[in-house]
1. Within the range 46-57, does at least one residue satisfy the condition of being surrounded by fewer than 10 Cβ atoms within 10 Å (Cβ to Cβ) and without any contact (Cβ under 8 Å) to a residue 60 or more places away in the chain?
2. If A81 passes every condition in (1) surrounded by 14 or more Cβ atoms within 10 Å (Cβ to Cβ); (2) modelled with pLDDT of 95 or more; (3) closer than 26 Å to V9 by Cα but one, which one does it miss?
3. Before we move on, is G75 free of Cβ contacts under 8 Å to residues at least 40 places away in the same chain, among the small types (G, A, S), over 18 Å from V11 (Cβ atoms) and surrounded by fewer than 16 Cβ atoms within 10 Å (Cβ to Cβ)?
4. Please tell me if A39 is surrounded by 12 or more Cβ atoms within 10 Å (Cβ to Cβ) and among the small types (G, A, S).
5. Which fully enclosed strands (runs of 3 or more DSSP E) of the range 1-77 have 3 or more residues being at pLDDT 95 or above, acidic (D, E) and in contact with a helix residue (DSSP H, G or I) (Cβ under 6 Å, 6 or more places away or on another chain)?
Amino acid sequence: MHRDQSHTVFVLDEPSVGLHPLDVRTLLAVLRELTDRGATVIVIEHDLDLIANADHVVDLGPGGGEDGGRVIAAGTPSEVARDPASVTGPYLARALDGTGPAPLQ
């Protein structure tokens, strides 16, 4: 990845499925490299480490299938973590404050 990616959009659906937590760190590093080179990266994900490291989160729900598909909360990970309407928020708050899966620095 030694070239400009500013005209590139990557859409990844659950890229962390099946990965060991150390491999998730590697994935995060690759995604960070892409965005540092100007790419737009859109990730559909449930892994709290990836969500905690996002620039922007859109929490859909409140459930799955017919019970989902509505925007429940949106913003930075910290904003979503504080949103009382977010089902993901309490878990994300734990990831951000270190009492759950920790965000990577």
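The values are calculated or read from the model by the stated rules, or taken from the named source; none is laboratory data. Predicted model only: the values in this text are computed from it and were never measured. As a convention, Cβ positions derive from the backbone with ideal geometry for all residues, glycine included, and neighbour counts pool all protein chains shown.
1. yes
2. (3)
3. yes
4. Taking the combined requirement at face value, the residue satisfies it.
5. In the range 1-77, no matching strands (runs of 3 or more DSSP E) lie anywhere.
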